[in-house]
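Heads up: the structure comes next, in structure tokens.
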Amino acid sequence: MDRTRRNGAILLAASAVALGASLSVMVPRIVAFNRSQTQQRYKKDTITARTYTAHGRDVSLTDATDPDGRPALRIRYGDQELHAPVRAPGAENMPTLDGYGEWLAVVWCIPVSRDGTPADSLTSDDVRIILVTRLPPEGFDPSTWGTVRRKEWSFAFHEFMPDGAISTSHYRFPLPETRANLAAAQAELEGDQAQVEQARLAAEQRKIDRLPESIREFPELKEQSFEWEVALHAIPKLQVPAYRFKHTAFHFSVLGWTAPVAGFSILGMLAGAGMAFAPSRIRPGA
């Protein structure tokens, strides 16, 4: 065996050992992460009817205005009633909610197991029924600037509770990540993790301070949260933020050192195999 083949065989073997070692740690981390994801999963269906029954109570949705004359949706649920601010529909009192386009959605959330089948012991009270509205920033025409200023969008969630109440909560659109944070980068070079986190929080707060005061206190919609998945039904498809893959088993925060080691090991195996099994070089005059 010539030197090149011998070195290739050594590289191939060493890389295979490194790959096996990294996989022996990586696989349990992936399994542990997946097992830790215990949040309830839901199958989500939308309806556009203005009248239906929720938890045994009648629901009716009619176009209206609030005391200040602004567009609103009158929500009646059993003996409960509220006026929810909305973006004015294209035409009032249409037979369905289609006039609101992608500014409003009624979402039925049915619990399912991890494989998508109905959850065990499912009852009607387990189904969550939510009317979500997307609201443009104040002072901007919803058909022009109000449509594109998505960082200033807010969302109202009106959930029809099994006890007959209407639970309302508010969220704001997620802000983009800060791409360049010099203070955080400097602290990371110095190994000061507390300072890194402080710099990141300060940058996040500066972005929040630039938002309209009316929505600053609203919590941000978090990727993969239940509220985020419901809000997607009231967001135009072309304006949904790109998925950032932060909360998956293959994120660096889960895999850690095993990811680069596995990657370089595979490259080493390919290089070693190429050296070990390459055809012999024919020398002139041999």
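A few remarks follow.
- Read-out log10 I(q)/I(0) by the Debye sum over Cα atoms at q = 0.06, 0.08, 0.15 Å⁻¹, derived from the coordinates shown; its label in (1) -0.35, -0.55, -1.20; (2) -0.18, -0.32, -1.25; (3) -0.25, -0.43, -1.18: (1)
- Dipole magnitude of the range 47-182, debye to nearest 20 (Cβ charges: Lys/Arg +1, Asp/Glu -1, about Cα centre): 480
- Relative contact order, percent, the chain [alpha-carbon distance under 8 Å, six or more residues apart]: 24
- Sorted by Cβ density within 10 Å, fewest first, the residues Glu213, Glu204: Glu213, Glu204
- Pairs of Cα atoms farther than 18 Å apart, the range 95-182, %: 61
- Using the Stokes-Einstein relation with a Kirkwood hydrodynamic radius computed over Cα pairs, the translational diffusion coefficient of the range 1-78 at 4 °C and a viscosity of 1.567 mPa s comes to 66 µm²/s.
Read-outs: derived from the displayed coordinates by stated rules, not from any lab. What you see is a predicted model, and the numbers here were worked out from it, not measured in a lab. No Cβ is skipped: glycine too gets one built from the backbone with ideal geometry, and neighbour counts run over all protein chains shown.
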